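Colleague: One structure is given below, represented as structure tokens, and several questions about it will come after.
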Amino acid sequence: MSSAASDPDAVLSRLEAAVDLLATRVQTAREALDAAAHAPEAAGPSRDEIIALADRLEATLARLRLAAEDTVSEE
């Protein structure tokens, strides 16, 4: 295992960067959804279904961040 992979600060930093990237993508998806919802030809999954999925992803991201912090603090 490389020293970067075993360094808790590096691991936490990489995990936080991944979570931040996913959070940005969730926001982008919400903005796209909002724009599509106002288009007259909107079709596909309902706005509520997509928002529910985005909410689940945000909750997962929060749990991932906490798990990463706990993992690093235990080492």
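Every number here is computed from the coordinates shown, using simple stated rules; none is lab data. Keep in mind that this is a model prediction, so the values were computed, not measured. When we count neighbours, we look across all protein chains shown, and the Cβ atoms used for this are built from the backbone with ideal geometry, even at glycine.
Colleague: As I understand it, the dipole of the range 3-74 uses +1 on the Cβ of Lys and Arg and -1 on the Cβ of Asp and Glu, about the Cα centre. Which of L33, P8, A67 lies farthest toward its positive end?
Modeller: Most positive-ward Cα: L33.
Colleague: Rg over Rh of the range 3-74, using C-alpha atoms and the Kirkwood radius, what does it come to?
Modeller: Checking Rg against Rh, the ratio lands at 1.18.
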